[in-house]
Structures are given as C-alpha cells and as structure tokens.
Amino acid sequence: MITYKDIHEFRKEDLESLFLSVEWSSGHYPDKLVVAMRNFKTVYTAWDGDNLVGLICAMDDGIMTAYIHYLLVRPEYQDSGIGRRLVEMMKEHYKDYLRIAIIAYNEELDFYGACGFKKADDASPMFITSLWT
C-alpha cells in the first residue's frame, strides 16, 4: 500500500536511490539533495513501506506562482497513478495561486496535459544546466 507524506527531511540514501532509479544525474549528489529538499517550500512523497518510490517538490512566491521543480517515480511504480496523485496533491496545495508552472520535456507533455497543464503557445522553456565538479 502506498502512503503519501508531506516531509522535508530525508536520508541521503533514499534520495540517491530514487533519483538514480530514473537516471537523473542529481542522484550523484545526495548530500546536496538533502539540503535542497529542506529548502523547497512544498515536498510530497510516496512510500511503499520504508521505500521512497515517488517525490514532487515546488518553489513559490507565496501568493501568485508556484514552480514544480521535481516529479519522479521509480520505474517499477510508474503507470500506477502515483505521479498523477502527487501532481493532484500539489494542485490542491496551490489551488488559490494564479498559476503553477513546470518545465517539461517533450516526452512528458502527454502526462502533464492529462493532469490539466497546458503548453503555452507563445513561450518556450529556457534553462542553463551546470554539472557540479
């Protein structure tokens, strides 16, 4: 049975395992991930017993805009509704905000569209990625 939690404190091994399970390079920096999770405004997680199987987190300006930064679910738990449930929790939390923004890769557009997000016709995501040394 999957349980959902609103927490900010994690063991670095749990974060490392989850992030590396989906081949995200940030999983190679578990100490930084622990600090990042403490600093995010909102973090929701999915657990199968003691196993961290999903996570979503967001930053916000306190009143108008929230930015979903991470959404990940272990591959063996994907397509089971966990990602959608985490998004719904975030949407409920920020229901009084004017917008929730997310940067999504092309292969993620169908998922986020099914969750109610719309791709802006007049905007493109931009970001700079730097790997830590």
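The values are calculated or read from the model by the stated rules, or taken from the named source; none is laboratory data. Not measured: the values here are computed from a predicted model. Please note: Cβ atoms are built from the backbone with ideal geometry, for glycine as well, and neighbour counts cover all protein chains shown. Accessible surface areas use protein heavy atoms only, side chains included; no ligands, DNA or RNA. Shrake-Rupley method; radii C 1.70, N 1.55, O 1.52, S 1.80 Å.
Structure summary
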{"read-out": "Among (1) modelled with pLDDT under 95; (2) touching a Ser or Thr at 6+ places or on another chain (Cβ under 7 Å) - the single one ILE7 does not satisfy", "value": "(1)"}
{"read-out": "Tally of residues being under 17 Å from ARG85 (Cβ atoms) and within 13 Å of the chain's Cα centre (by Cα) across segment 100-115", "value": "4"}
{"read-out": "Number of the exception - TYR44 against (1) touching a helix residue (DSSP H, G or I) at 6+ places or on another chain (Cβ under 6 Å); (2) open to solvent by 90 Å² or more (accessible area, probe 1.4 Å); (3) aromatic (Phe, Trp, Tyr)", "value": "(2)"}
{"read-out": "Residues being under 13 Å from the mean Cα position of the chain (by Cα), within 11 Å of PRO75 (Cβ to Cβ) and crowded, with 17+ Cβ neighbours inside 10 Å - total across segment 16-31", "value": "1"}
{"read-out": "Residue in segment 77-126 that is modelled with the lowest pLDDT, counting only those that are within 24 Å of TYR4 (Cα to Cα) and hydroxyl-bearing (Ser, Thr, Tyr)", "value": "TYR112"}
